[in-house]
Amino acid sequence: MYAVVVRFEIAPDRMPDFLPAVLDNARATLAEPACHRFDVATDPDRPDEVFLYELYDDAAGHAAHRQTAHYRTFAALTGDMVRHKDVRTYARIHV
């Protein structure tokens, strides 16, 4: 498994626009064959922050996701809404 965690800091007053777009992207991503999980989370104590947790078969599955039409649409639509974006990836260690 290949995990991707993303933390977005959303521009003030843009959360009402950002959330529907990220949820549409999450639903479309879950239909991809390499995607196993795509969670979208927020915390009321940090109202301008959105956290994503995604699981793919492997790094290639995540790379394929970033080439989809729905991902590109999401990125273009939300680019000016995002003040900061932090992406981290993790490969599972088999024991």
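Placing a label point 7 Å from the Cα of Val82 along the Cα-to-Cβ direction, the residues of segment 30-49 whose backbone N falls under 20 Å of that point are 30-32, 35-43, 46-49.
Sequence-distant contacts, meaning Cα pairs under 8 Å at least 6 residues apart, place the relative contact order of the chain at 47 percent.
In this structure, Phe51 and Ala31 have a Cβ-Cβ separation that, at R0 = 22 Å, corresponds to a calculated FRET efficiency of about 0.55. Its DSSP H runs of at least 4 residues, each contributing -39,500 (n - 2.57), put the calculated 222 nm mean residue ellipticity of the chain at -10500 deg cm²/dmol, to the nearest 500. Length gained on full extension, Arg7 to Ile93: 28.7 nm, using 0.36 nm per residue less the C-alpha separation. What the Cα atoms of the chain give is an Rg and a Dmax of 13.3, 45 Å.
Laboratory data are not the source of any read-out in this text; all were calculated from the coordinates shown. What you see is a predicted model, and the numbers here were worked out from it, not measured in a lab. When we count neighbours, we look across all protein chains shown, and the Cβ atoms used for this are built from the backbone with ideal geometry, even at glycine.
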